[in-house]
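Data first, discussion second: the structure below is written as structure tokens.
The values are calculated or read from the model by the stated rules, or taken from the named source; none is laboratory data. Not measured: the values here are computed from a predicted model. Using ideal geometry, Cβ is built from the backbone for each residue, glycine included, and neighbour counts are taken over all protein chains shown. To get the accessible areas, we keep the full protein, side chains included, count just its heavy atoms, and leave off ligands, DNA and RNA. Shrake-Rupley method; radii C 1.70, N 1.55, O 1.52, S 1.80 Å.
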Amino acid sequence: MTRFIITGSIYDNPHRTDAGVAEFESTLTSDEKACRLFGIPSAMAGLIYKEFEYDEHVLERVPEGWADFDRPPNDYTIRWWWDYHTRLPQAILFLATDQKGRVFVFDELFCENLIETNAREVIAKTKGRFVADQEIDPFALIPHPVSKESIQDELAKYDIYVNPATKDLRTGIIKTRERLK
């Protein structure tokens, strides 16, 4: 099946008036303008997190006290989340929090669905550090129908004990926006 999308701008309407467009535009938020005026689907307009500012949220230099961008000091609190899939590549996000409560994303792994390899990566990133939170997609807690073991059980063999992450996307987006502000 072939799919396509046709977009249209309010300015393509030959029956519009400049005054009418200006009146309508005055009722729109900045997020709505790309969609309502230019026909760009709202999911494709701008950033998902409008609060993200490159100059503020992306580091140009290795922070003071860090060995490298992916090696925070040992006294930072570490958190990581594993987006587990059976067919898609795995995604593991690592965060470090300093004593002032500032949160740094210090690594992201996009890897194959290989439990041992990924477990060793997690161990290498967290060894000797205080890990406050380690969560995985709840799908990884479902036992296999034959072996009766889950991915959570497999990770426990490497002394990695995970909690189920939430699937509440809306709250996650809201919390991320709050943190970015």
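Data for the structure
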{"read-out": "DSSP-assigned coil residues among chymotrypsin sites (Phe, Trp or Tyr not before Pro) in segment 96-181, each with at most 13 further Cβ atoms within 10 Å", "value": "Tyr161"}
{"read-out": "13 Å beta-carbon shell around Cys111, net charge (K/R +1, D/E -1)", "value": "-4"}
{"read-out": "Segment 111-180 and segment 47-93: distance between their alpha carbon centers, rounded to Å", "value": "16"}
{"read-out": "Options Ile142, Trp80, Gln99, ranked by Cα towards positive dipole end of segment 73-181, top entry (Cβ charges)", "value": "Gln99"}
{"read-out": "Cα-centre dipole for segment 94-181 with unit charges at Cβ (Lys and Arg positive, Asp and Glu negative), debye to 20", "value": "540"}
{"read-out": "Efficiency of FRET from Cβ geometry, Thr166 and Glu53, R₀ 30 Å, rounded to 0.05", "value": "0.70"}
{"read-out": "9 Å beta-carbon shell around Arg177, net charge (K/R +1, D/E -1)", "value": "+2"}
{"read-out": "FRET E, pair Arg129, Ile6, Förster distance 45 Å, beta-carbon r, rounded to 0.05", "value": "0.30"}
{"read-out": "Accessible surface of the chain, 1.4 Å probe, proportion on carbon and sulfur as whole %", "value": "54"}
{"read-out": "Range of Cα positions in segment 49-177 per principal axis (Å), largest first", "value": "50, 34, 23"}
{"read-out": "Restricting segment 89-130 to GluC sites (Glu not before Pro) in coil, as DSSP defines it, with at most 10 other Cβ within 10 Å", "value": "Glu112"}
